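What follows is calculated from the coordinates using simple rules that are stated; it is not laboratory data. These numbers were taken from a predicted model, which means no experiment stands behind them. All Cβ positions, glycine included, derive from the backbone under ideal geometry; neighbour counts span all protein chains shown.
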Amino acid sequence: MRDRGPQLVKNFFDQFEKKSILQYIQQRALEINKLTTSVQEVLPEHLQSFCRVANLRNGVLVIEIANANALMSLRYEESNILFRLRKEVLPLLIAIQIRINPSIASESHEITIKYNSHCDLEKKKLKARHLSIESANILRSIAQQSPEKLKKTLERLASLSSEESMHLITSN
C-alpha cells in the first residue's frame, strides 16, 4: 500500500528539477547527434569515420578525432570546414576546437575488422587449399619414424587430406 502522507514542498521541486535536467541532457544529446551528422557531411570522406562532435559551447565547436594523423589532415582542412559550417549549418560559429580521443579509433577499427573479416571469410571460401593424398602419405611415412609427440601432430595433419578414404585403400 502506498504512503499518501504529506510531502515536503522542497522534495517535490527537487524531483521536478531532476526531470527537467534529464530532459535537458536528452535534448542536448540529440542536438549533438544531429550536429555530428551535419559535420560529417561537411568533412572530407577520408576523415568521416575518425571524427565526431563532442560539444558546442559559446560558439566553439569541439570535435574529437581518432589520432594525430587525422588531426593533421583536419587542421589542413579546418578553415574550409569552418567556412562551410558557418554557411550551411551554424552561422554563429566562432571557432573549431579539435581534441584527440583514441576511443574513436578503436570504434572505427572494430567496424573495419568486422568488414575485413567478412571479406576474408569469403576469400577463404574461394581459395580453400587441400592437402593432396600424396602429401598425406608422405607425412604418414615420416610420422612412423618420428618421436611420439611429432608423430601425433604429423598424423593429425595428414588426416586433413581431401580424401582420407584413399589412404585406407592405398595402405591395405
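Per-structure values
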read-out	value
Table column - 3J(HN,Hα) (Hz), the stretch 73-87, Karplus curve with 6.51, -1.76, 1.60, x for Gly and Pro	5, 5, 4, 4, 8, 4, 5, 5, 5, 4, 4, 5, 5, 5, 6
Among 136-145, 91-100, the order from most to least packed when residues are scored by Cβ within 10 Å on average	136-145, 91-100
Cut-off 13 Å between beta-carbons: net charge of the residues surrounding Q144, Lys and Arg +1, Asp and Glu -1	+1
